[in-house]
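**Q** My questions all concern the structure below.
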Amino acid sequence: METILFLAHTEADGTLAKAALEALGSAIDLSKQLGGTLAVGLYGASVETAAHALGTCGAQRYLGVSGEDFSQARYATDAAACEALVRASAATIVIAAGTSRNARVMAGVAHRVNGNVDTHVSSIEAGCNATAITRWFYRQRIEGSLSRSQRPWILLLDPGTHAAWQGEAGSITIEQVAVTVPETLRRTTVRGVVTPPTDQQTIRPDAQLLFVAGAGWTKKQKDGQTHVAEAETLIVDFLKRSNASLGSSKSLVELTGENQTALRFMTHLNQVGQTGASPRHPKGLSTCCHGEEPHTVGWRFISERRAINLDPNCGWARGKADVLYVADAFEVIGKLNALLSSQAAS
Ligand SMILES: Cc1cc2nc3c(=O)[nH]c(=O)nc-3n(C[C@H](O)[C@H](O)[C@H](O)COP(=O)(O)OP(=O)(O)OC[C@H]3O[C@@H](n4cnc5c(N)ncnc54)[C@H](O)[C@@H]3O)c2cc1C
């Protein structure tokens, strides 16, 4: 019988992040399908609040590694805590969220416990013969299904691929797992986190809307002139007001790389498409982008698609968008910003 460990670190406020609750949802489903044992393993400065919040999730055991040493996202202490929780739970399958913090340590943890690790997992099912996972390969172009016999098997579930667990808090007993932290493990100290201001963080995986800008924003407009500064203002304004995530066509990000006049906040990380990302958002709005196949293939996880293009024969018109507005994006986004601004004021 499999023992499934849901493994997570607590946040600074002692709670669990949404991605962790999604991994828990998947761990609960799997343990029900397999009739296996479910254990919760938490680590962080304090684990009490988070553990009690999961009190009705159906886990048989709640294990914790806590203390100031585990408050930081530091490889040495994260790996030591995870290793101790995997060993103490005698887990055969470990499910954790596929976040950068977890991804950094889990290969090392798998090695220490003589196990195996798979990343970018998109689903975990108890198959007829063996537990199987699906995961994407080659930038989400190929979906593979695989299972392994080696245990423990550590799985990092990609955020957004399973519903987050929701339930009542409950009273539980936490088994504290002792982890000795020698001075050598404390050599690295996190002195702070440096991030761009929030209005420059244009990639927002949790956003309701993906806003894509294409190279048309930098092209000559009907007056025969380019209007790149105006385009920047309109786009930044729209992102601030709508909290949308910013995507780009390949052509536009490459203009930036080639030092041509382009949108300054655009990087290759924004590129959507065959050689870019395939983000997941409920809605998408494409502007000044032609909608060619290598770009729109990156829209496969966008449920409702709209596009604004001057060209009624652009790619979006050929079954790629649900709605195509044949219009000038400068005018439409300007009007949209005015509407959003008056809505915010009222
Ligand atoms: C191997 C390979 C991989 C590729 N991978 C990718 C990829 O990952 N992602 C990607 O995006 N592309 C990719 N491409 C490139 C892709 O084929 C297109 O060249 C690219 O998407 C075009 O970008 P665009 O639509 O922004 O620019 P353009 O083709 O220049 O289109 C600009 C559009 O803006 C419109 N426009 C201009 N002004 C306005 C206005 N005022 N209002 C409304 N509309 C306006 C025009 O009508 C035009 O349709 C790849 C190509 C190859 C060969």
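**Q** Given the conditions (1) more than 11 Å from the ligand (Cβ to nearest atom); (2) in a loop (DSSP other than H, G, I, E, B), report the number of the one that Phe238 does not fulfil.
**A** Here Phe238 clears every test but (2).
**Q** Can you say whether Gly216 is touching a residue at least 40 places away in the same chain (Cβ under 8 Å), within 27 Å of the chain's Cα centre (by Cα) and surrounded by 13 or more Cβ atoms within 10 Å (Cβ to Cβ), as far as the supplied structure shows?
**A** Values: touching a residue at least 40 places away in the same chain (Cβ under 8 Å): yes; within 27 Å of the chain's Cα centre (by Cα): no; surrounded by 13 or more Cβ atoms within 10 Å (Cβ to Cβ): yes.
For Gly216, the condition - touching a residue at least 40 places away in the same chain (Cβ under 8 Å), within 27 Å of the chain's Cα centre (by Cα) and surrounded by 13 or more Cβ atoms within 10 Å (Cβ to Cβ) - is not met.
**Q** For the range 52-76, give me the residue count where each residue is assigned to a helix (DSSP H, G or I) and buried (at least 23 other Cβ atoms within 10 Å of the Cβ).
**A** Within the range 52-76, the first condition is being assigned to a helix (DSSP H, G or I), and the residues that meet it are 52-53, 68-70, 75-76.
Then drop every residue that is not buried (at least 23 other Cβ atoms within 10 Å of the Cβ), which leaves 70.
Final tally of qualifying residues: 1.
**Q** Pull up the range 14-51, narrow it to residues that are in contact with a Gly (Cβ under 7 Å, 6 or more places away or on another chain) and closer than 16 Å to Gln166 by Cβ, then point me to the one that is surrounded by the most Cβ atoms within 10 Å (Cβ to Cβ).
**A** Ala50
**Q** If we scan the range 127-150, do we find a residue that is touching a residue at least 24 places away in the same chain (Cβ under 8 Å) and assigned to a helix (DSSP H, G or I)?
**A** Within the range 127-150, not a single residue is touching a residue at least 24 places away in the same chain (Cβ under 8 Å) and assigned to a helix (DSSP H, G or I).
**Q** How many of the residues in the range 31-51 are without any contact (Cβ under 8 Å) to a residue 60 or more places away in the chain, over 25 Å from the mean Cα position of the chain (by Cα) and in a helix (DSSP H, G or I)?
**A** Result for the range 31-51: 1.
**Q** Show the residue pairs that are 6+ apart or on different chains and have beta-carbon atoms under 8 Å apart, the first residue being within the range 310-325 and at pLDDT 95 or above, the second being of a type outside the set (S, T, N, Q) and exposed (fewer than 12 other Cβ atoms within 10 Å of the Cβ).
**A** From the range 310-325, the pairs are Gly315/Glu293; Leu324/Pro312.
**Q** Ala73 versus (1) over 24 Å from Ser147 (Cβ atoms); (2) at pLDDT 95 or above: which is the lone unmet condition?
**A** (2)
**Q** Additional query: Kindly indicate whether Gln274 is more than 21 Å from Leu336 (Cα to Cα) and touching a residue at least 12 places away in the same chain (Cβ under 8 Å). Walk me through how you get there before you give the answer.
**A** Numbers: more than 21 Å from Leu336 (Cα to Cα): yes; touching a residue at least 12 places away in the same chain (Cβ under 8 Å): yes.
When the stated conditions are applied, Gln274 passes them.
**Q** Look at Leu246 and say whether it is surrounded by 14 or more Cβ atoms within 10 Å (Cβ to Cβ) and over 24 Å from Thr99 (Cα atoms).
**A** On the way: surrounded by 14 or more Cβ atoms within 10 Å (Cβ to Cβ): yes; over 24 Å from Thr99 (Cα atoms): no.
No, not satisfied.
**Q** I've got another one for you. Restricting attention to strands (runs of 3 or more DSSP E) lying wholly within the range 281-343, give those where 1 or more residues are more than 15 Å from Phe238 (Cα to Cα) and within 9 Å of the ligand (Cβ to nearest atom).
**A** Values: elements: 281-287, 302-309, 323-326.
Answer list for the range 281-343: 302-309, 323-326.
**Q** Report, by residue number, each residue of the range 271-280 that is at pLDDT 95 or above and either more than 8 Å from the ligand (Cβ to nearest atom) or not β-branched (Val, Ile, Thr) (or both). Show your work before the answer.
**A** Initial filter on the range 271-280 (at pLDDT 95 or above): 271-273.
If the condition is that a residue be at pLDDT 95 or above and either more than 8 Å from the ligand (Cβ to nearest atom) or not β-branched (Val, Ile, Thr) (or both), then Gln271, Gly273 are the ones that fit.
**Q** Anything in the range 52-82 that is of a type in the set (Asp, Glu) and touching a helix residue (DSSP H, G or I) at 6+ places or on another chain (Cβ under 7 Å)? List them, or say none. Reasoning before the result, please.
**A** Keep residues of the range 52-82 that are of a type in the set (Asp, Glu), which gives 68-69, 78.
Correct list: Asp69, Asp78.
**Q** Return yes when Ala107 is surrounded by fewer than 24 Cβ atoms within 10 Å (Cβ to Cβ), in a loop (DSSP other than H, G, I, E, B) and of a type in the set (A, V, I, L, M, F, W, C) and no when it is not.
**A** So Ala107 fails the test.
**Q** Just to verify a result, which residue in the range 207-224, among those that are more than 20 Å from Val297 (Cα to Cα) and in a loop (DSSP other than H, G, I, E, B), is farthest from the ligand (Cβ to nearest atom)? Give the derivation first.
**A** Taking the range 207-224 and keeping what is more than 20 Å from Val297 (Cα to Cα), we get 217-224.
Now narrow it down to the ones that are in a loop (DSSP other than H, G, I, E, B): 219-224.
Values: Lys219: 5, Lys220: 9, Gln221: 6, Lys222: 8, Asp223: 11, Gly224: 13 Å.
By that ranking, first place goes to Gly224.
The values are calculated or read from the model by the stated rules, or taken from the named source; none is laboratory data. These numbers come from a predicted model, not from an experiment. No Cβ is skipped: glycine too gets one built from the backbone with ideal geometry, and neighbour counts run over all protein chains shown.
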